[in-house]
Amino acid sequence: MFELLKSDSLTKARLGRLTTAHGAIETPVFMPVGTQASVKAIDPRELLEMGTQIILGNTYHLNIRPGMEIIRAAGGLHRFMNWDKPILTDSGGFQVFSLAKIRKIKTHGVEFRSHIDGSPLFLGPKEAMEIQRTLGSDIAMVFDECPPHDAPAREQKLAVERTIRWAGECREQPRAAGQLVFGIVQGGSNPVLREECAKALVPMEFDGYAIGGVSVGEPEPEMFRAVELTEPFLPAHKPRYAMGLGTPAQLVELIARGVDMFDCVLPTRVARNGTVFTRKGTYILKNAENKMNFGPLEDGCECFACRRFTRAYLRHLYNVQEILAIRMLSVHNSYLFLKVMADVRAAIANDTFSDFYRDFIAGYRPTQRVLLARAAAKER
Ligand SMILES: [Zn+2]
């Protein structure tokens with residue numbers, strides 16, 4: 001299912017191919033997020049045009065709305081949203097622990113209240129796998145517990161114990177035809193817990209392994225550390241997926257640390273508040289310097305928005321709240337993430353990844369928040 005095509009000689013970067021029921025995925029890969037069965041503001045034709053190989057859907061949200069009765073009647077998520085390339089579904093664990101009002105963590109799952117209408121719900125390994133089977137995703141994720149990054153040590157330990165036990169239960173559940181299942185390693189920034197969790201999950205022979213508990217509000221150095229603490233214990237012949245990350249520079253950093261798959265809401269989320277991603281960092285479209293800028297959102301970008309429209313025009317549309325502005329920013333930002341991954345794959349194939357890595361990171365201006373976290377980590 002996963003072919004490791006090439007390993008970079010100077011970094012841990014890998015070139016691979018993951019074959020799923022709806023086609024093959026070239027890795028490293030970025031997966032646009034379609035939480036509610038839609039990548040916000042972008043239609044499937046545009047996703048294909050920009051080179052999307054796989055998208056993400058979400059168990060927690062889709063189970064609440066539209067509900068599995070409708071998905072089942074539609075013939076699964078692919079048909080419901082008219083997307084016939086691969087789909088990965090998140091198990092809902094992350095949302096249960098971050099969005100819902102938890103009532104009780106039990107042996108076989110979590111009792112909680114819907115964040116929409118407060119109705120009582122229960123999600124555990126059995127339920128999460130059953131929903132993902134109905135959705136018919138190509139890759140299902142195990143149901144895990146993802147505690148906040150600053151959770152006390154005892155809570156982190158309990159979360160790892162539950163994550164391991166629930167992974168075993170997920171492993172035993174029936175799957176959709178050809179559905180792959182990935183395990184999720186938790187353990188925060190605790191080396192002992194990360195090792196323990198990885199070592200318990202690897203013998204379960206999942207089809208791939210995710211590094212969970214990253215991008216949960218922790219500073220960037222801690223996020224890199226969580227990945228570095230986990231990666232050595234993951235099997236080389238299975239894909240590795242860092243969940244919910246990050247900026248283009250963080251993706252390149254993590255590829256150099258041996259990660260193959262990423263998903264993130266950032267490109268479409270920041271588009272909605274007028275932020276543009278480029279290979280040099282982000283900028284705010286509303287800023288006065290873009291008023292008379294008749295160049296594209298990013299020089300050299302070949303996305304639909306950059307080929308058709310100027311910054312000045314899109315800035316105007318954004319200021320008068322025309323929907324097209326948000327659509328085009330979402331297209332550009334998503335295209336950039338996908339194109340950086342395509343460039344990374346070409347660089348690994350040509351044995352030039354370490355140069356690409358150095359130049360990309362040197363040219364990328366991180367946000368103030370990231371810079372502050374880096375400075376703080378150096379002082380420690
Ligand atoms: Zn563009």
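One line per residue, one yes/no per condition, for (1) under 25 Å from residue 266 (Cβ atoms); (2) among the hydrophobic types (A, V, I, L, M, F, W, C):
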residue: 6; (1), (2): no, no
residue: 14; (1), (2): yes, no
residue: 37; (1), (2): yes, yes
residue: 40; (1), (2): yes, no
residue: 58; (1), (2): yes, no
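Among the residues of region 336-358, which ones are in a loop (DSSP other than H, G, I, E, B) and in contact with a Ser or Thr (Cβ under 8 Å, 6 or more places away or on another chain)? The one that is in a loop (DSSP other than H, G, I, E, B) and in contact with a Ser or Thr (Cβ under 8 Å, 6 or more places away or on another chain): 351. As a summary of the residue check, residue 341 satisfies the conditions (1) within 16 Å of the ligand (Cβ to nearest atom); (2) farther than 30 Å from residue 7 by Cβ except for the one numbered (2).
Residue-wise test of (1) more than 18 Å from the chain's Cα centre (by Cα); (2) in a strand (DSSP E or B).
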position	(1), (2)
6	yes, yes
9	yes, no
32	no, yes
35	no, no
47	no, no
53	no, no
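Only one residue in 358, 315 is over 30 Å from residue 13 (Cβ atoms), modelled with pLDDT of 95 or more and of a type outside the set (Gly, Ala, Ser). Which one? On inspection, the qualifying residue turns out to be 315.
Among the residues of this structure, residue 262 does not count as one that is within 11 Å of the ligand (Cβ to nearest atom), touching a residue at least 40 places away in the same chain (Cβ under 8 Å) and either surrounded by 22 or more Cβ atoms within 10 Å (Cβ to Cβ) or not in a strand (DSSP E or B) (or both).
So which of 247, 310 is out of contact with any Ser or Thr (no Cβ under 7 Å at 6 or more places or on another chain), under 30 Å from residue 208 (Cβ atoms) and buried (at least 16 other Cβ atoms within 10 Å of the Cβ)?
Just a single option satisfies the conditions, and that option is 247.
Under the condition of being surrounded by fewer than 16 Cβ atoms within 10 Å (Cβ to Cβ) and in contact (Cβ under 8 Å) with a residue 24 or more places away in the chain, the residues counted in region 282-301 number 2. Look at (1) within 16 Å of the ligand (Cβ to nearest atom); (2) of a type outside the set (Phe, Trp, Tyr); (3) farther than 30 Å from residue 188 by Cα and you find that residue 292 fails only one, number (1). Would region 235-244 turn up any residue that is surrounded by fewer than 21 Cβ atoms within 10 Å (Cβ to Cβ), in contact with a Leu (Cβ under 8 Å, 6 or more places away or on another chain) and not in a strand (DSSP E or B)? Checked against the condition, which is being surrounded by fewer than 21 Cβ atoms within 10 Å (Cβ to Cβ), in contact with a Leu (Cβ under 8 Å, 6 or more places away or on another chain) and not in a strand (DSSP E or B), region 235-244 yields at least one hit. Which of (1) in contact (Cβ under 8 Å) with a residue 60 or more places away in the chain; (2) assigned to a loop (DSSP other than H, G, I, E, B); (3) within 27 Å of residue 137 (Cβ to Cβ) is the odd one out, the single condition residue 231 does not satisfy? Only one criterion is unmet by residue 231, namely (2).
Per the conditions (1) surrounded by 17 or more Cβ atoms within 10 Å (Cβ to Cβ); (2) at positive phi; (3) in contact with a Ser or Thr (Cβ under 9 Å, 6 or more places away or on another chain), the sole criterion not satisfied by residue 139 is (2).
This table checks each residue for (1) more than 11 Å from the ligand (Cβ to nearest atom); (2) in a loop (DSSP other than H, G, I, E, B).
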| site | (1), (2) |
| --- | --- |
| 286 | yes, yes |
| 299 | no, yes |
| 302 | no, yes |
| 306 | no, no |
| 314 | no, no |
| 324 | yes, no |
| 331 | no, no |
| 334 | no, no |
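Determine, yes or no, whether residue 42 is surrounded by fewer than 15 Cβ atoms within 10 Å (Cβ to Cβ), part of a loop (DSSP other than H, G, I, E, B) and on the phi < 0 side of the Ramachandran plot. Considered against the rule, which asks whether it is surrounded by fewer than 15 Cβ atoms within 10 Å (Cβ to Cβ), part of a loop (DSSP other than H, G, I, E, B) and on the phi < 0 side of the Ramachandran plot, residue 42 comes out as no.
The values are calculated or read from the model by the stated rules, or taken from the named source; none is laboratory data. Everything numeric here is computed off the predicted structure, so don't read it as measured data. Neighbour counts are summed over all protein chains in view; Cβ atoms, including those assigned to glycine, are modelled from backbone coordinates with ideal geometry.
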